[in-house]
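Here is the structure we will look at, set down as structure tokens.
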Amino acid sequence: MEPGMRGKSVLLIIGGGIAAYKSLELIRLLRAREVTVRAILTKAGGEFVTPLSVAALTGTPVYQDLFSLTDEVQMGHIELSRAADLVVVAPATADLMGKLAAGIANDLASTALLATDKKILMAPAMNVRMWESPSVRRSAETLAKDGVLFVGPNDGEMACGEFGPGRMAEPLEIVAAIEKSLAARGGALKGLKALVTAGPTQEPLDPVRFLANRSSGKQGYAIARALAGAGADTVLVSGPVEIAPPSDVKLLKVTTAREMLAACEAELPADIAVMSAAVADWRPDRMANSTIKKDGEKKSPAITLVENPDILAALSRHKNRPRLVIGFAAETDNVVSNAVAKRSRKGADWIIANDVSTKENGESVMGGDRNQVHLVTATGSERWPDMSKTDVAHRLVQHIIQQFQSEKI
Ligand code: PMT
């Protein structure tokens, strides 16, 4: 597996052409390399492959309509165009190339292409005469000058029976071009250092027992991956979890809250801190040197708890305070009002508030794959729809990028 691709995300725009069937294989190859793929299917693309097959292969909804309320609620089109590490157009039709070259945005695909701040890689596919037409030549030249990357087209026999350049590059060639483009990517957060905490802490009672919680680390790991994907030099301070670390982050494994604090402080200065770990507020006042025994008496052992340091509050008030400090709030009721209070009490810039109570179907944010959060800032709060933890991570990173770009902090 190409290490540079794992954990990255691609927005794939599928244009209308017979080569669209190859984009299904492209999705499969990318997913096998642990690349997240979101797809926009143009109206013409939908004549060649079905939204259902694209959705089944990507594992995410397919975006088709600029004015779809459902799509906009899930992810606005501007955000869709920026949440990926790379935008890939395959097949890239004369129509899509022409629109981007001319600055036309009259559907979801062309709007996303114009609005993106990421590199665009096009895999053109069209009839050889179209490819060689002065108009498409002009589009290709303009796009190349604007920094758009190309893979193919290849020479060969076309579906229409003609021979020459115009065949879309094979899926494996496109994968190789994607890998190259991702490796060359600078990223909007390049030059910035991000510090992320994730997972639970374990507070020992004796050599084999500890106090902990059900945090899996999934949310924090997704954030670290997304920050690294955006070019940030990312350090992930993780409590004990069972998931594989992202390839391009520095991983520091800790067990207790005090170790987590020490690891975070040792990594300062940093520009961004995202504290998503479920740190134990309390720890046993002492750890027994040998296992606490059932001594045959009716009396159960007393455990005295003492307060752990608050890592978020400590970083917020640190002399080397990161420029943007983001905490989480795990709430079971009054989610937003408790998060608002937590934001000022702990001195964070933003709080991501999530409801961690167990739902009727037995699912919980802690340990689960999805999250529904509120972003609480100094100016108010916004509710994000229920989405995967990876999507929460990408959306958060988009906000971080915007914040740094607008230099409001
Ligand atoms: O790990 P997952 O299974 O993916 O689940 C994700 C999550 C539910 C753990 C995550 O989304 C989340 O909500 N993390 C914060 C959990 C938490 O400890 O919330 P809190 O409301 O108790 O703490 C508020 C903030 O203070 C958090 O940023 C926390 O990291 C921080 N904190 C808390 C206590 C402490 N002693 N030190 C801290 O820094």
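Angle of helix 389-406 to the longest C-alpha principal axis of the chain, folded into 0 to 90 degrees and rounded to 10: 80°. How many angstrom separate the Cα center of region 257-278 from the Cα center of region 295-343? Their Cα centres are 14 Å away from one another.
Note on the chain: with charges restricted to the Cβ of Lys and Arg (+1) and Asp and Glu (-1), its dipole about the Cα centre is near 980 debye.
In terms of the Cα gyration tensor, with a ≥ b ≥ c the square roots of its eigenvalues, is region 136-181 rounded because a/c is under 1.5, prolate because a/b exceeds b/c, or oblate? Because a/c hits 1.5 or more and a/b fails to exceed b/c, region 136-181 counts as oblate. List, in the order given, every pair from K119/K190; K253/K342; K99/K145; K119/K253 whose Cα-Cα distance in the structure shown is over 22 Å. In this structure, K253/K342; K119/K253 exceed 22 Å between Cα atoms. When only the Cβ of Lys, Arg, Asp and Glu is charged (+1, +1, -1, -1), the dipole of region 193-406 relative to its Cα centre reaches about 340 debye. Can you list the residues of region 357-391 with backbone N under 12 Å from a point 7 Å past the Cα of R214, pointing along Cα to Cβ? The answer is 357-369, whose backbone nitrogens lie closer than 12 Å to the label point. Taking label points 7 Å from Cα along the Cα-to-Cβ direction, E170 and K253 give a separation of 4.1 nm. Helix 335-346 and the long axis of the chain differ in direction by around 70°, with both axes built from C-alpha atoms. Any idea how far apart E265 and N106 come out in nm if each label point goes 7 Å out from Cα toward Cβ? Here the answer is 6.2 nm between the modelled labels. Axis of helix 171-184 versus longest Cα principal axis of the chain: the two differ by about 60°, to the nearest ten degrees.
Taking every C-alpha pair closer than 8 Å and separated by at least 6 residues, the mean separation divided by the residue count of region 9-184 gives a relative contact order of 23 percent.
Can you check what the net charge comes to around L375, using other residues whose Cβ is under 12 Å from the Cβ of L375 (Lys, Arg +1; Asp, Glu -1)? That sum, taken over residues with Cβ under 12 Å, equals +1.
Annotation for region 94-115 versus region 226-246: alpha-carbon center distance of 35 Å.
Here, each number is a calculation from the coordinates, and none is a lab measurement. Everything quoted here is computed from the prediction, not taken from an experiment. Using ideal geometry, Cβ is built from the backbone for each residue, glycine included, and neighbour counts are taken over all protein chains shown.
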